[in-house]
Amino acid sequence: MHAAILTSTGEAAIPFVWNDVALHAVGASEVRVRLTRVGEDGWTLALADVTGAPVLSVGSMVSRPVSAEQLGGSGSPLFGVGWSVVPAVPGAGEVSWVSWEEVPAEGPVPGVVVLDCGAFPTGLGVPSGVRAVSYGVLDVVRAWLADERFAASRLVVLTRGAVAVSEGVGLDVVQAPVWGLVRAAQAENPGRFVLVDVEPGAEAGTVVSALAVGEPESAVRGDAVWAPRLVRLEQATDQDPEFASDGAVLVTGGTGGLGAVVARRLVSEYGVRHLVLTSRRGLAAPGAEELAADLIASGAEVRVVACDVSDRDALAGLLAETVSERPLTGVFHAAGIGDSTVMDALTHEQVDRVYAPKVDAAWHLHELTREYDLAAFVMFSSAGGLVLTAGQGNYAAANVFLDALAVQRAAEGLPATSMAFGLWEVGGGLGAYLRDVDRKRMAAQGVPPLTHEAGLALFDAALRSDRAAVVPVRIDTAALRSRTDDVPALLRGLAPVVRRAAAARSGSAPAEPTLHDRLSGLSAAERRRTVLHLVRAQVASVLGHASAEAVGADRAFQELGFDSLAATELRNHLNRVTGLRLSATLAFDHPNAEAVTDHLLTLLGGAATGGTPGEEEVREALRTIPTSRLRDAGLMQSLLDLAEVRVTPADLAEEEQPEPHDTGDAADGDALAAARRETALLR
């Protein structure tokens with residue numbers, strides 16, 4: 001099409017105006033295109049797949065000349081979170097639910113359980129209130145993941161006024177971080193958690209209308225249900241902020257990583273001549289002296305201060321000292337630390353450590369500077385609170401707090417910008433803790449790291465934006481469309497779901513065979529080769545490798561670079577392709593691809609042969625399953641009852657002495673009886 005435009009106009013041009021566009025099918029690997037000239041600079045287009053069925057039609061497309069300068073633009077666009085009304089899924093019926101407090105201690109549970117965050121303590125002050133709500137939600141999420149009874153149910157986490165579906169509206173900054181926390185739980189455990197926000201005072205039953213739209217996160221306002229998506233923002237036209245020549249600019253976390261990059265940018269591009277840079281170690285921080293020397297050589301006056309900005313008194317003292325010399329004209333909050341893990345292992349202590357420099361410091365800065373005449377109040381948030389949440393629930397929650405605080409400040413008429421950046425390759429800061437395997441994983445998920453130049457361009461664009469919360473990230477839509485896992489809700493507008501598939505070749509393409517179909521009728525050796533290749537391919541996908549050949553079948557997962565997040569992702573990938581419900585400890589119980597293959601073949605044995613497993617196969621399968629796994633899955637008692645295993649007094653007599661590893665405290669009669677029955681069953 002571009003070649004046709006160039007040939008007809010004699011100059012470089014791009015498609016500019018599209019009219020009467022209709023998409024008839026998606027997914028065609030080949031299309032045939034007919035272009036028909038209309039007027040001086042217009043065309044109509046008709047696309048069909050190889051069978052002649054329509055794929056796309058364009059009533060008219062008008063081109064527009066473009067200069068070489070325009071083609072050499074700044075690269076990645078700026079994104080923001082946009083909300084739109086979504087309709088109910090056709091056929092969605094009434095959903096029954098119970099509150100978390102009503103869940104029985106034993107026995108089956110309903111399919112939908114609602115946790116109302118409004119029930120957690122309030123009136124504690126913002127930093128304490130944020131922790132109270134976050135701790136409460138974390139405790140419930142961990143209990144949910146640990147109890148096998150909830151495996152087939154959904155937990156709906158209900159917040160009240162924690163999101164703003166339109167610009168200029170305030171929100172509840174105490175409940176807002178829950179969205180980052182639960183997004184991590186969703187990413188690590190697909191299909192098990194739902195986020196719903198309702199207006200303060202709304203009945204909890206409002207969640208029913210939200211569940212009818214089938215979205216993993218949504219907000220109910222009146223009779224409408226809204227869903228968030230990441231959307232491209234229009235190019236900002238606002239002027240750069242003007243920092244008073246005699247004013248000081250404070251940069252927290254300013255001696256390294258992103259803070260140091262920003263400090264250099266403020267001096268070189270924004271004319272800032274008086275900087276106060278803080279970090280916990282001050283001039284003793286690595287690279288701090290060199291940074292200060294460079295900034296001074298560029299004409300700036302620099303003061304590097306050791307200050308824990310999460311300490312309100314220490315921060316108040318620093319600000320008082322600063323404004324005693326000159327007015328404070330800008331705040332850039334880049335302080336932060338990383339201490340994260342997957343949700344079922346995340347602790348209150350880890351939440352507190354990550355919240356302190358992010359949540360506490362931002363709130364103190366907000367309160368202590370609200371009377372100052374600031375040209376900018378900028379907080380460096382992270383895309384980790386939006387779309388890269390897996391394995392960092394506490395960090396995601398802390399960054400969502402920054403986004404929410406910016407929205408709340410803007411609603412109060414105060415200057416505020418929260419920049420939810422993707423990872424910067426700046427050679428320091430939190431990015432220094434990422435390994436190559438982590439970077440590959442991020443790229444495969446469609447959010448690759450930002451180069452230094454691209455990050456600075458997005459920083460400039462974000463600083464000019466009139467939006468309180470912006471998302472300066474690089475999105476690889478091709479990688480998004482090739483993802484085999486669940487795409488985060490916020491990215492689904494950039495990677496549309498496939499509807500009717502176009503024909504790829506003459507005739508209708510057959511449906512993709514299931515794993516059951518692929519294994520049916522194969523010999524034992526062929527089944528093992530097939531499953532081993534599947535496992536290696538999923539391991540390669542998790543690690544960001546191009547093919548299964550990059551994964552040695554007998555190489556330990558730990559040696560390949562696995563951590564708890566990679567183990568969780570592998571479990572999710574294999575659940576999806578096998579139809580099984582595998583344990584979260586799969587990669588630790590079976591430490592390489594061969595071991596996982598053997599485990600899967602055991603579980604798939606009956607289906608793989610296309611028939612019902614025989615008695616010996618059942619016995620062998622039971623022998624391979626640790627009794628602790630049967631007990632954790634809630635199956636041990638049922639198996640014992642079916643086997644009619646009984647414990648005699650003689651059995652108990654044999655167990656009078658505790659095992660060498662046992663303290664004896666828990667070795668009561670019931671425990672001994674259970675252990676004896678388990679042993680008898682597995683014989």
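Just to be sure before I move on: is Val198 under 16 Å from Asp403 (Cα atoms) and open to solvent by less than 10 Å² (accessible area, probe 1.4 Å) in the structure I sent? Full working, then the answer.
Working: under 16 Å from Asp403 (Cα atoms): no; open to solvent by less than 10 Å² (accessible area, probe 1.4 Å): yes.
No; evaluated as a whole, the condition is false for this residue.
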Quick check: is even one residue across region 212-222 in contact (Cβ under 8 Å) with a residue 40 or more places away in the chain, open to solvent by less than 20 Å² (accessible area, probe 1.4 Å), in contact with a helix residue (DSSP H, G or I) (Cβ under 6 Å, 6 or more places away or on another chain) and farther than 17 Å from Ala164 by Cα?
no
Checking Gly385 against (1) under 19 Å from Val133 (Cβ atoms); (2) without any contact (Cβ under 8 Å) to a residue 60 or more places away in the chain, the condition it does not meet:
(2)
Count of region 312-345 residues which are touching a residue at least 12 places away in the same chain (Cβ under 8 Å) and over 17 Å from Phe380 (Cα atoms)
19
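Which is within 29 Å of the chain's Cα centre (by Cα) and open to solvent by less than 30 Å² (accessible area, probe 1.4 Å), of Val272, Val231, Val267, Val225?
Details: Val272 fails: within 29 Å of the chain's Cα centre (by Cα); Val231 fails: open to solvent by less than 30 Å² (accessible area, probe 1.4 Å); Val267 fails: within 29 Å of the chain's Cα centre (by Cα).
Of Val272, Val231, Val267, Val225, the one residue that is within 29 Å of the chain's Cα centre (by Cα) and open to solvent by less than 30 Å² (accessible area, probe 1.4 Å) is Val225.
Could you check region 329-428 for helices (runs of 4 or more DSSP H) lying wholly inside it with 1 or more residues that are closer than 23 Å to Asp313 by Cα, basic (Lys, Arg) and open to solvent by 40 Å² or more (accessible area, probe 1.4 Å)? Even if it seems obvious, please write down each step before you answer.
Numbers: elements: 348-355, 361-369, 393-411.
In region 329-428, 348-355 are the helices (runs of 4 or more DSSP H) which contain 1 or more residues that are closer than 23 Å to Asp313 by Cα, basic (Lys, Arg) and open to solvent by 40 Å² or more (accessible area, probe 1.4 Å).
Name the single residue that is surrounded by the fewest Cβ atoms within 10 Å (Cβ to Cβ) among those in region 298-315 being part of a helix (DSSP H, G or I) and touching a His at 6+ places or on another chain (Cβ under 8 Å).
If we filter region 298-315 for residues that are part of a helix (DSSP H, G or I), which is where we start, we get 312-315.
Those still in the list that are touching a His at 6+ places or on another chain (Cβ under 8 Å) too: 312, 315.
Numbers: Arg312: 17, Leu315: 23.
Checked region 298-315; the qualifying residue surrounded by the fewest Cβ atoms within 10 Å (Cβ to Cβ) is Arg312.
For the condition outside any loop (DSSP other than H, G, I, E, B) and closer than 14 Å to His364 by Cβ, what is the one hit in Leu295, Leu318, Leu291?
On the way: Leu295 fails: closer than 14 Å to His364 by Cβ; Leu291 fails: closer than 14 Å to His364 by Cβ.
Exactly one of Leu295, Leu318, Leu291 is outside any loop (DSSP other than H, G, I, E, B) and closer than 14 Å to His364 by Cβ, namely Leu318.
Collect the residues in region 270-288 that are in a helix (DSSP H, G or I) and either touching a Ser or Thr at 6+ places or on another chain (Cβ under 7 Å) or under 19 Å from Ala376 (Cα atoms) (or both), keeping them in residue-number order.
If we filter region 270-288 for residues that are in a helix (DSSP H, G or I), which is where we start, we get 282-284, 288.
Listed by number, the list holds a single entry, Ala288.
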Just to verify a result, which residue in region 22-34, among those that are modelled with pLDDT under 90 and more than 12 Å from Thr51 (Cβ to Cβ), is most open to solvent (accessible area, probe 1.4 Å)?
Ser29
Against the condition out of contact with any Phe, Trp or Tyr (no Cβ under 7 Å at 6 or more places or on another chain), farther than 17 Å from Val169 by Cα, at pLDDT 90 or above and not in a strand (DSSP E or B), how does Val213 come out, does it pass?
yes
Of the residues Val387, Val437, Val354, which is within 25 Å of Ala584 (Cβ to Cβ) and in contact with a Pro (Cβ under 7 Å, 6 or more places away or on another chain)?
Val387
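Kindly provide the set of residues from region 47-57 that are out of contact with any Gly (no Cβ under 8 Å at 6 or more places or on another chain) and surrounded by fewer than 16 Cβ atoms within 10 Å (Cβ to Cβ), ordered by number.
From region 47-57, those out of contact with any Gly (no Cβ under 8 Å at 6 or more places or on another chain) are 47-50, 52-57; that's our starting set.
Matches in region 47-57: Gly52, Ala53, Pro54.
The values are calculated or read from the model by the stated rules, or taken from the named source; none is laboratory data. Computed from a prediction, not measured in an experiment: that's the story for all the values here. Heads up, the Cβs are rebuilt from the backbone with ideal geometry, glycines too, and the neighbour counts pull from every protein chain shown. Keep in mind that these areas ignore ligands, DNA and RNA; they rest on the heavy atoms of the full protein, side chains included. Shrake-Rupley method; radii C 1.70, N 1.55, O 1.52, S 1.80 Å.
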